[in-house]
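Data block below; observations after.
Here, each number is a calculation from the coordinates, and none is a lab measurement. These figures come from a predicted structure and were not determined experimentally. Ideal geometry is used to build each Cβ from the backbone, glycine not excepted, and the neighbour counts take in all protein chains shown.
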Amino acid sequence: MKKVLFLFLIFVNFSIAQVLNIAVSANAGFALKEVVKEFQKKYKNIKINLIVSSSGKLASQILNGAPYDVFLSADMYYPQILYENKVAKTKPKVYAYGVLVLWSFKIKNLNINSLKTAKKIAIANPKIAPYGKRALEAIHFFKMYKDVKSKLVLGESVSQVNQYIIKKLVDLGFTSKSSIFAYAKKGYWIEIDKNTYSPIEQGIVLISDKKEAKEFFDFVLSEKSKQIFKNYGYEINGK
């Protein structure tokens, strides 16, 4: 009888556990895993599935009915589109500010002029990835686009760009500062002057009506989560 009761309690506990599907832009994947760990200390019965990809691709999936509960983008543009199309339940809010960096495992004395001597340069696809768009802005600011256009290797997201850099398939690449922190600051890297590209305001929106989704949404915006993002190289409140 006790065994039957025990199995019944396990079944009940399992059946009431909620599953949340969280769509997150590639640059924030590592930091969000830490946020999830902290969240689940408080909400033990909520399982989190992270779907990591480029912001544009995730937004397109959501517009086409993908069953995501919360969306964390690398900008405010895609969350705003979801809100204007009445797919998002909340107005977009900034959860962190990203920082653009140049990263290499080949060039030790890295600087912006390394773009001229490099043979292959990785950036995330600017059509679907905000960090790729900001990389192009910086390249144009330094008036180097004509010099580097033929050298550009496009990755679907920051994650793919990182793999190109780490595996030395390219000489260098533009990525997020959070990626550098996620990989223990390996390789050689420099921050790109913030005056050379638009601010990377990373936005979050609530997609579903689930109570648990709102709890996760609020937790991402909490002081505890802000500290985690800061530990991964993000800026909070633009600082």
Checklist entry - Quick one: what do you get for the chain if you divide its Cα Rg by 2.2 N^0.38 Å? => result 1.12
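When Lys and Arg each count +1 and Asp and Glu each count -1, what net charge do the other residues less than 14 Å away from Ser150, Cβ to Cβ, add up to?
Working: positive: Lys116, Lys119, Lys120, Lys146, Lys149, Lys151; negative: Asp147, Asp171.
Cβ neighbours under 14 Å give a net charge of +4.
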Next on the checklist: Which residue fluctuates most in the GNM of the chain (Cα springs below 10 Å): Lys44, Lys89, Lys127?
Outcome noted: Lys44
Checklist entry - In terms of modelled amide H atoms, which long-range or inter-chain residues lie less than 5 Å from the amide H of Gly155? => result Ile123, Ala124, Asn125
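For the range 99-196, what is the convex hull volume of the alpha-carbon atoms per residue, in Å³? Walk me through the numbers before you get to the answer.
Working: hull volume 8.0 nm³, N = 98.
Dividing the Cα hull volume of the range 99-196 by its residue count gives 82 Å³.
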Checklist outcome for this item: Result row for the chain, helices from DSSP H with C-alpha axial extent 15 Å or more and mean Kyte hydropathy at least 1.0, is 2-16
Item to check | Summed side-chain charge close to Gly98 - residues other than Gly98 whose Cβ falls under 10 Å, Lys, Arg +1, Asp, Glu -1 | outcome: -1
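By how many nm would the segment from Ser198 to Lys149 lengthen if fully extended, with 0.36 nm per residue of separation less the alpha-carbon distance?
On the way: separation 49, 0.36 × 49 = 17.64 nm, distance 2.03 nm.
That works out to 15.6 nm of additional length.
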Checklist entry - Of all DSSP beta bridges in the chain, what percent run antiparallel (nearest 5)? => result 50 percent
Item to check | Segment Asn231-Tyr183, length gained on full extension (0.36 nm per residue, minus Cα span) | outcome: 16.0 nm
Next on the checklist: Students often get this wrong, so check it: of Lys33/Lys149; Lys37/Lys211; Lys47/Lys86; Lys108/Lys146; Lys33/Lys57; Lys143/Lys230, which have C-alpha atoms separated by over 29 Å?
Outcome noted: Lys33/Lys149; Lys143/Lys230
Checklist entry - Amide H neighbours of Gly187 under 5 Å, counting only residues 5+ apart in sequence or on other chains, H built in-plane at 1.01 Å? => result none
Next on the checklist: Give me the percent relative contact order of the range 92-169, please, defined on Cα pairs under 8 angstrom at least 6 residues apart.
Outcome noted: 36 percent
